[in-house]
Amino acid sequence: DTGVSQDPRHKITKRGQNVTFRCDPISEHNRLYWYRQTLGQGPEFLTYFQNEAQLEKSRLLSDRFSAERPKGSFSTLEIQRTEQGDSAMYLCASSLPDNSYEQYFGPGTRLTVT
Amino acid sequence: DQQVKQNSPSLSVQEGRISILNCDYTNSMFDYFLWYKKYPAEGPTFLISISSIKDKNEDGRFTVFLNKSAKHLSLHIVPSQPGDSAVYFCAASPTQGGSEKLVFGKGMKLTVNP
C-alpha cells in the first residue's frame, strides 16, 4: 500500500498526558498537511510542511501543539497536557508540488481524552 | 463563521437515479474547489475538482458545476450506485496568497438505495 499512513489509529489518554502521532506521506509527495476533524464537522486545517519547512499554522494550533517533519519525510504531531477538547480525529494528508490542492488523506488517528 | 456551507446533512436516492449535492461558499478569494468522499473508518478520498476559470468539470459519472456569481457549486452523480453511499465534503482554497489549506464544509451523507 503506497498511500498515506498514520500511527496509531486510535489513542486513549488521560487529561494532562502528552501524546504523539506519526504520519508517513506518499513517498514522492513533498507537501504534508495536518487537519483535525470533530464530530459533525469537516476537517479543519492545522498546519502544513513543504519538505522540512513548516510554512503555515492555523490559529487552532495552540502552544500545546507542535508538529515536526525533520527530514522532509514522515511527520509527528505532539499534543502536550491534553484536554478533553482535544478529542478528535487527526488527519494527515500529502500532495505533489505541482498540484498541492489535491491532497491525499490518511485514515486518521482518533484521539480520546478522558 | 462557516466559509463553506453544505446545508443539507443527508440525501437518499434510488440506484440509477441522479444524486445532486450542493455547496455554497462566502469567501470571494476561493478559486479552487474540490469534492471528497469519505467512508467510515477511512480518510477523505479526493473525487473531483474545478478551478474558478471553468464552470464545469466532468469525470465519468461525476460532474461538478460552478456558479461563481452565486458562489455555489454542485456535484452530480449519475447514475448513482450503492457504492457511492458515503459522506461527501465540499472544500475550497484560495490559490493566490500562498495558502495551501483547504477549507471544508460539514459534509453530507449520501445513501443510495438498491
Self-check item: Candidate set from region B:53-86 (those that are touching a strand residue (DSSP E or B) at 6+ places or on another chain (Cβ under 7 Å) and of a type in the set (Gly, Ala, Ser)); member that is surrounded by the fewest Cβ atoms within 10 Å (Cβ to Cβ)
Solution: B:Ser74
Practice problem: Sort out which residues of region A:80-98 are within 9 Å of chain B (Cβ to nearest Cβ) and not aliphatic (A, V, I, L, M), and write them in order of number. | Solution: A:Cys92, A:Ser95
Exercise. Among the candidates B:Lys71, B:Lys37, single out the residue that is of a type in the set (Lys, Arg), touching a Phe, Trp or Tyr at 6+ places or on another chain (Cβ under 8 Å) and away from chain A (no Cβ under 14 Å).
Key: B:Lys71
Practice problem: Return the pairs, sorted by first residue and then second, in which the second residue is among the small types (Gly, Ala, Ser) and surrounded by fewer than 20 Cβ atoms within 10 Å (Cβ to Cβ), the first residue lies in region B:31-52 and is closer than 17 Å to A:Trp34 by Cα, the beta carbons are less than 9 Å apart, and the residues are 6+ apart or on different chains. | Solution: B:Gly43/A:Gly3
Quiz item: Considering region B:12-31 alone, what residues qualify as being under 13 Å from the mean Cα position of the chain (by Cα) and over 15 Å from B:Asn67 (Cβ atoms)?
Solution: B:Ser19
Self-check item: Only listed residue being without any contact (Cβ under 8 Å) to a residue 60 or more places away in the chain, more than 13 Å from every other protein chain (Cβ to nearest Cβ) and assigned to a strand (DSSP E or B), chosen from A:Leu46, A:Leu55, A:Leu111, A:Leu77
Solution: A:Leu77
Quiz item: Among A:Phe49, A:Phe65, A:Phe105, A:Phe45, which is farther than 27 Å from B:Ser49 by Cα and either under 13 Å from the mean Cα position of the chain (by Cα) or basic (Lys, Arg) (or both)?
Solution: A:Phe65
Quiz prompt | Out of A:Gln6, A:Gln37, sole residue that is touching a Cys at 6+ places or on another chain (Cβ under 7 Å) and surrounded by 14 or more Cβ atoms within 10 Å (Cβ to Cβ) | solution = A:Gln6
Practice problem: Read through the list (1) under 24 Å from A:Thr109 (Cβ atoms); (2) away from chain A (no Cβ under 12 Å); (3) β-branched (Val, Ile, Thr), then give the number of the only condition that B:Val87 fails. | Solution: (2)
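FYI, it's all coordinate maths here, none of it is from the lab. Quick caveat: nothing in here was measured; it's all calculated off a predicted structure. Please note: Cβ atoms are built from the backbone with ideal geometry, for glycine as well, and neighbour counts cover all protein chains shown.
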